[in-house]
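Novice: After the structure tokens below, expect a handful of questions from me.
The values are calculated or read from the model by the stated rules, or taken from the named source; none is laboratory data. Worth saying up front: this structure is predicted, and the values here are computed from it rather than measured. All Cβ positions, glycine included, derive from the backbone under ideal geometry; neighbour counts span all protein chains shown.
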Amino acid sequence: MRNFLPLQILLVLQTGLVLAQAPPAAGTWPATTPQAVGLSPDLLAQFDADIAAGKYGNIDSMLVIRHGKVAWDRTWPHNYRQIYGAQAKRTGGLNAHDLTGPFNYFNPWWHPYYRGGDLHTLQSVTKTVASATIGVAVTRGEFPSLDTPILKFFDEAKVANVDERKRRITLRHLLTMTAGFDWNESLPYSDPRNDGSNMEASPDWVRYVLDRPMSDEPGARFNYNSGASELLAPIFHAATGEDIEEYAAKHLFAPLGIERFFWKRTPSGAVDTEGGLYLERHDLAKVLLLFHQNGLWAGKRVVSADWVKASLAPSIPVNQKSGVKYGYKWWLYPYGKDDPRLAFAGSGFGGQLPIVIPDYDIVVVFTAWNIEGGPSLSHRVAIDRILAAVTDRKP
């Protein structure tokens, strides 16, 4: 493996698309060597070799950007038709009873690449992009206060299990995973008791979520809930009069030069804001870089600095032991055990890990498709290995 890595590095430097700190709306990004931006080529090569050897399962890509230039950009092909082909033909928890459609997660026509192209499923990183879109709307004065109760956007008389706690759920609670619904998404998605899978198997996802009873006071605790993120689609339309996909295309993607994407719809026609977006990895990195640059792109304001600050501030602890926290659909990870500074990231089923390590001006994107257990790459390992490769790291 070590014998061919230099050739791979050369190919990356010759062909990789990359990002600049103040990039044009579209175009080619500058490339660099790891050494030129303070990264160890040997440690990145070791990480690369471990991925290629299958240590972290089915990793599809690894993109490392520092100081606005790509230092590493690799993809690994996998025959997903062979890997998951048999499962794709059987009804189960990971196909939501939709063998030929986009919610069969084993179907290689839909996952992990859209129709065999280079748009990769983001899964729950979609939640992060939906939050960013709301931030753009807030910046433009086209979205209400986050303290607005969510039942304002629905006909309460048609919602089941309404009590005073449900009436107190606000937009902020949806963004921070603290809505208080009785919801269990901690089980494997193949488990019939998983509410996320049951929602996707239902004909009306929004109705499934809204009708759930309450288990907690809103804001009291973090409870991962994809359904709470799905409510953002109809709420956005009710609040702005616009479809969130169309709005994102015009006011978030277009300023960043993102021209190609696919966004799934639920059976009832709502935008799948909990997991339906597909982007090419370099375009996903642009969304991260926008927040790293405090909401500016090519010198123009796309999202306000106040929204960026609030989004990336810890709103609720996720795990006291690990120090992981949560913002507005952003996961916040300590740099290390003895370093409480926070990296911000998205997280998607199957191994979608876009991460920003702000103090070291690093943006990384990993895409993968590990959906049946086995080895996978965690945020913790990814952050540790990237930081280990920084040669100018301050104590």
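Novice: Here are some residues: ALA130, ALA160. Which one is of a type in the set (A, V, I, L, M, F, W, C) and part of a helix (DSSP H, G or I)?
Specialist: ALA130
Novice: Is one or more of the residues making up region 321-334 of a type in the set (D, E, K, R) and assigned to a helix (DSSP H, G or I)?
Specialist: The answer is no, given that none of the residues of region 321-334 is of a type in the set (D, E, K, R) and assigned to a helix (DSSP H, G or I).
Novice: Same structure, new question: For region 104-138, how many residues are more than 18 Å from ALA233 (Cα to Cα) and not charged (D, E, K, R)?
Specialist: The first filter runs over region 104-138 and keeps only residues more than 18 Å from ALA233 (Cα to Cα), leaving 104-121.
Next cut, not charged (D, E, K, R) only: 104-114, 116-117, 119-121.
Number of matching residues: 16.
Novice: Scan region 341-351 and tell me whether some residue there is in contact (Cβ under 8 Å) with a residue 40 or more places away in the chain, touching a Pro at 6+ places or on another chain (Cβ under 6 Å), crowded, with 20+ Cβ neighbours inside 10 Å and under 14 Å from LYS127 (Cβ atoms).
Specialist: Of the residues in region 341-351, the ones in contact (Cβ under 8 Å) with a residue 40 or more places away in the chain are 343-344, 346-351.
Filter once more, keeping what is touching a Pro at 6+ places or on another chain (Cβ under 6 Å): 346.
If we keep only those that are crowded, with 20+ Cβ neighbours inside 10 Å as well, we get 346.
Keeping just the survivors that are under 14 Å from LYS127 (Cβ atoms) gives 346.
Scanning region 341-351, I find at least one residue that is in contact (Cβ under 8 Å) with a residue 40 or more places away in the chain, touching a Pro at 6+ places or on another chain (Cβ under 6 Å), crowded, with 20+ Cβ neighbours inside 10 Å and under 14 Å from LYS127 (Cβ atoms), so the answer is yes.
Novice: Out of curiosity, is GLU259 free of Cβ contacts under 8 Å to residues at least 60 places away in the same chain and assigned by TED's automatic domain parsing to the domain that holds TRP183? Walk me through how you get there before you give the answer.
Specialist: Values: free of Cβ contacts under 8 Å to residues at least 60 places away in the same chain: no; assigned by TED's automatic domain parsing to the domain that holds TRP183: yes.
Judged against the criteria, GLU259 is not a match.
Novice: Out of region 134-156, which residues are in a helix (DSSP H, G or I) and either among the aliphatic types (A, V, I, L, M) or crowded, with 24+ Cβ neighbours inside 10 Å (or both)? Quick ask: steps written out before the conclusion?
Specialist: So the first thing to find is which residues in region 134-156 are in a helix (DSSP H, G or I), and the list is 134-139, 150-153, 156.
If the condition is that a residue be in a helix (DSSP H, G or I) and either among the aliphatic types (A, V, I, L, M) or crowded, with 24+ Cβ neighbours inside 10 Å (or both), then ILE134, GLY135, VAL136, ALA137, VAL138, ILE150, LEU151 are the ones that fit.
Let's see how each residue does on (1) part of a strand (DSSP E or B); (2) without any contact (Cβ under 8 Å) to a residue 40 or more places away in the chain; (3) among the polar types (S, T, N, Q); (4) closer than 23 Å to TYR189 by Cα:
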| position | (1), (2), (3), (4) |
| --- | --- |
| LEU353 | yes, yes, no, yes |
| ASP359 | no, yes, no, no |
| PHE366 | yes, no, no, yes |
| ASN370 | no, no, yes, yes |
| PRO375 | no, no, no, yes |
| ARG380 | no, no, no, yes |
| ASP384 | no, no, no, no |
| ASP392 | no, no, no, no |
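Novice: Moving on to the next point. When residues of region 219-240 are filtered for being crowded, with 22+ Cβ neighbours inside 10 Å and farther than 21 Å from PHE103 by Cα, how many remain?
Specialist: 2
Novice: Go through region 28-48 residue by residue and tally those that are more than 25 Å from the chain's Cα centre (by Cα) and in a helix (DSSP H, G or I).
Specialist: Selection size over region 28-48: 8.
Novice: Okay, moving on. Pull up region 174-184, narrow it to residues that are over 10 Å from LEU231 (Cβ atoms) and either part of a helix (DSSP H, G or I) or among the small types (Gly, Ala, Ser) (or both), then point me to the one that is farthest from the chain's Cα centre (by Cα).
Specialist: Restricting to residues being over 10 Å from LEU231 (Cβ atoms) and either part of a helix (DSSP H, G or I) or among the small types (Gly, Ala, Ser) (or both), the top hit is GLY180.
Novice: Only one of ASP339, ASP361, ASP392 is acidic (Asp, Glu), within 20 Å of ARG281 (Cα to Cα) and either at pLDDT 95 or above or not assigned by TED's automatic domain parsing to the domain that holds LEU284 (or both); which?
Specialist: Values: ASP339 fails: within 20 Å of ARG281 (Cα to Cα); ASP392 fails: within 20 Å of ARG281 (Cα to Cα).
Going through ASP339, ASP361, ASP392 in turn, just one is acidic (Asp, Glu), within 20 Å of ARG281 (Cα to Cα) and either at pLDDT 95 or above or not assigned by TED's automatic domain parsing to the domain that holds LEU284 (or both): ASP361.
Novice: Can you tell which of TRP183, TRP205 is touching a helix residue (DSSP H, G or I) at 6+ places or on another chain (Cβ under 9 Å), surrounded by 23 or more Cβ atoms within 10 Å (Cβ to Cβ), among the aromatic types (Phe, Trp, Tyr) and closer than 19 Å to VAL318 by Cβ? Please lay out each step first, then the result.
Specialist: Details: TRP205 fails: closer than 19 Å to VAL318 by Cβ.
Unique residue meeting the criteria: TRP183.
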